[in-house]
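First the structure, then my questions, so here it is.
Every number in this text was worked out from the coordinates using simple rules, so none of it is lab data. Please read all numbers here as calculations on a predicted model, not as lab measurements. Every residue, glycine among them, receives a Cβ derived from its backbone with ideal geometry; neighbour counts consider all protein chains shown.
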Amino acid sequence: RVLFRSGSDDILNLLVRAFCGSAAAAGYTVPSYSLYPVLVGMQDGASEIVPFDRTMRLPVERIAASRSRIFFLTSPNAPTGVAFANAELERILAAFPGILVVDEAYAPFADDDAVPLLARYPRLVITRTLSKAYALAGIRGGYALAHPEVIGLLDRLRDSYNVNRDRKSTRLNSSHRT
Ligand SMILES: *Cc1c(COP(=O)(O)O)cnc(C)c1O
């Protein structure tokens, strides 16, 4: 149920490669994280843009009716700072037949997160990063939480080598031992 990679950008890239193509759109809201359209463009994928209105509240009905194969949502959203309630996410998950990605890069700053929904919704993917609340952007650590079948797909697509370790500290440790 967990895949750890070099930053959540790496996870988002795998998700686009797994679920988006010219005949399978990736949806995302605007404004939101600027990497989603870049990844979709690199994949030559179709996209569906769902704009926020001036309230910046979640357009639940629009996303629930989306025909995209995968939809990216940032919660709390950047750059607006608006978090989306689990009740709203559940209304989307009940109707939307694709993969719903909730990018929780900023969830440690919020009151709530979508993790309790994972057990009930196999098409929910949550992405997390160590770069923001943990201030570890240089380490490049991020992970996905999802149903084992989704994690299995991403695992087959990922680079065959895993997250690196810090060679310098390894060397220091071994010189301590000698
Ligand atoms: C910073 C950020 C990421 C990427 O984080 P990394 O783990 O450093 O790749 C993903 N999504 C959002 C919304 C972000 O703000």
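Pull out a ≥ b ≥ c, the square roots of the eigenvalues of the alpha-carbon gyration tensor of segment 128-167, then state rounded if a/c is under 1.5, prolate if not and a/b is larger than b/c, and oblate in the remaining case.
Oblate, because a/c is 1.5 or more while a/b does not exceed b/c.
Then there is this: Counting only helical runs of four or more DSSP H residues, what would the 222 nm mean residue ellipticity of the chain come to if each run contributes -39,500 (n - 2.57) and the total is spread over all its residues? Don't jump to the answer; show the numbers that get you there.
Numbers: 6 runs with 56 residues, N = 178.
After summing the helix terms and dividing by residue count, I get -9000 deg cm²/dmol.
Right, next: In the Gaussian network model of the chain, springs joining C-alpha atoms below 10 Å, which of Ala65, Ala146, Ala25 carries the largest mean-square fluctuation?
Ala65
Let me ask another. About its Cα centre, how strong a charge dipole does the chain have in debye, to the nearest 20, once Lys and Arg get +1 and Asp and Glu get -1 at the Cβ? Before the final figure, lay out each step's value.
On the way: 21 positive and 17 negative charges, 143 e Å.
Computed charge dipole of the chain: roughly 680 debye.
By the gyration tensor of its Cα atoms, with a ≥ b ≥ c the square roots of the eigenvalues, what is the shape of segment 4-155: rounded for a/c under 1.5, prolate for a/b over b/c, or oblate?
rounded
Given segment 12-118, what percent of its DSSP beta bridges are antiparallel, to the nearest 5? Spell out each step's value before the answer.
On the way: 1 of 14 bridges.
Percentage antiparallel, nearest 5: 5.
Follow-up. Report, in debye and to the nearest 20, how large the dipole of segment 86-148 comes out about its Cα centre when Lys and Arg carry +1 and Asp and Glu carry -1 on their Cβ.
260
Related question: Are there DSSP H segments in the chain that both extend 15 Å or more along their axis (alpha-carbon positions) and score a mean Kyte-Doolittle hydropathy of at least 0.5? List them, or say none.
8-19
GNM, the chain, Cα, under 10 Å: largest mean-square fluctuation among Tyr36, Tyr134, Tyr106?
Comparing Tyr36, Tyr134, Tyr106 in the GNM, the peak value goes to Tyr134.
Taking the Cα centre as origin and putting +1 on Lys and Arg beta-carbons and -1 on Asp and Glu beta-carbons, what dipole magnitude results for segment 1-103, to the nearest 20 debye?
Charge dipole of segment 1-103: 120 debye, to the nearest 20.
Right, something else. When the Debye formula is applied to the Cα atoms of segment 17-86, each taken as the same point scatterer, what base-10 log of I(q)/I(0) results at q = 0.13, 0.19, 0.27 Å⁻¹?
Treating every Cα as an identical point scatterer, log10 I(q)/I(0) equals -0.35, -0.72, -1.24.
Let me ask something else. Which shape class applies to segment 61-129: rounded if a/c is under 1.5, otherwise prolate when a/b exceeds b/c and oblate if not, where a ≥ b ≥ c are the square roots of the Cα gyration tensor eigenvalues?
Prolate, since a/c reaches 1.5 and a/b exceeds b/c.
Still on this structure, I have one more. Say each of Tyr161 and Asp112 gets a label point 7 Å from the Cα, pointing the same way as Cα to Cβ; how far apart are those two points in nm?
Rounded to a tenth, the inter-label distance reads 4.3 nm.
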